[in-house]
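Following: one structure in structure tokens, then a few remarks.
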Amino acid sequence: MPTASLITAASFAAEKHKTQRRKDADASPYINHPLALASVLAVECGISDTTTLCAALLHDTIEDTETTAQELENLFGKHVTSVVLEVTDDKSLEKPARKQEQIRRSSGLSPEAKRIKLADKICNLRDILATPPANWTNQRKQEYFDWAAQVVAGLRGTNPELEALFDAVYAQRTQFATAE
């Protein structure tokens, strides 16, 4: 049954994100992002917890699509839904306030949500390095890296492998200081 849940979550996320694109120059399909999170968790870190992996695949559905919490609960249960809600930004807030909320709330997240947040920051930093948004300056990239590190500070003590992956990608930020 866990495999079926993962496939169902991936299929659901693909359907919900089907018209969305990432901000990179190639406007890659958005579904690549939740799949990358699940890969970091499962493949790179050996996390096999179905709740964490399903919630990783679904982590942006409430925040970025018309998906409701009730819809997720009906399909994936209360636990997966509660983890997704933990990592969902309140879109009624302005972007700076949402970013501050992520920093403020990070230490109080459940272990599953902390792992997902770590994977999310790892994937976002990797994307900024490999295929950044076309209009982002090196300063904006550096600011994102520094903000991500503030969020991750509250997540530390969760998973040494994820933290090491974050630290490795964060260390690459030095290329922004010399590239402009």
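When Leu125, Leu155, Leu129 are checked against the criterion of being out of contact with any strand residue (DSSP E or B) (no Cβ under 8 Å at 6 or more places or on another chain), outside any helix (DSSP H, G or I) and among the aliphatic types (A, V, I, L, M), Leu155 stands alone in meeting it. A search for C-beta distances below 8 Å between a residue of the stretch 9-28 that is at pLDDT below 95 and any residue that is among the basic types (Lys, Arg) and not in a helix (DSSP H, G or I), counting only pairs 6+ apart in sequence or on different chains, returns Ala27/Arg21; Ser28/Arg21; Ser28/Arg22. The requirement of being more than 18 Å from the chain's Cα centre (by Cα), within 22 Å of Ser110 (Cα to Cα) and surrounded by fewer than 14 Cβ atoms within 10 Å (Cβ to Cβ) is fulfilled somewhere in the stretch 61-71, by at least one residue. Is it the case that the stretch 95-115 has a residue that's in contact with a helix residue (DSSP H, G or I) (Cβ under 6 Å, 6 or more places away or on another chain), β-branched (Val, Ile, Thr) and within 27 Å of Leu6 (Cβ to Cβ)? No, there is no match, as no residue in the stretch 95-115 is in contact with a helix residue (DSSP H, G or I) (Cβ under 6 Å, 6 or more places away or on another chain), β-branched (Val, Ile, Thr) and within 27 Å of Leu6 (Cβ to Cβ). Looking across the stretch 97-148, the residues that are of a type in the set (Lys, Arg) and surrounded by 22 or more Cβ atoms within 10 Å (Cβ to Cβ) come down to Lys114, Arg115, Lys117, Lys121. Of all residues in the stretch 1-37, those satisfying the criterion of being among the charged types (D, E, K, R) and not in a helix (DSSP H, G or I) are Lys18, Arg21, Arg22, Lys23, Asp24, Asp26.
Suppose we filter the stretch 54-113 for residues that are under 18 Å from Ile31 (Cα atoms) and in a helix (DSSP H, G or I); how many remain? Total satisfying the criteria: 11. Across the stretch 1-37, the qualifying residues are those that are within 18 Å of the chain's Cα centre (by Cα) and among the polar types (S, T, N, Q), and the one among them that is farthest from Thr65 (Cα to Cα) is Ser28. Out of the stretch 130-176, which residues are closer than 19 Å to Leu35 by Cβ and either modelled with pLDDT under 95 or β-branched (Val, Ile, Thr) (or both)? Residues satisfying the conditions are Ala130, Thr131, Val169. Pick from the stretch 74-84 the residues that are touching a helix residue (DSSP H, G or I) at 6+ places or on another chain (Cβ under 7 Å) and under 22 Å from Gly108 (Cβ atoms): which of them is surrounded by the fewest Cβ atoms within 10 Å (Cβ to Cβ)? If we take residues in the stretch 74-84 being touching a helix residue (DSSP H, G or I) at 6+ places or on another chain (Cβ under 7 Å) and under 22 Å from Gly108 (Cβ atoms), then His79 is surrounded by the fewest Cβ atoms within 10 Å (Cβ to Cβ).
The values are calculated or read from the model by the stated rules, or taken from the named source; none is laboratory data. Not measured: the values here are computed from a predicted model. All Cβ positions, glycine included, derive from the backbone under ideal geometry; neighbour counts span all protein chains shown.
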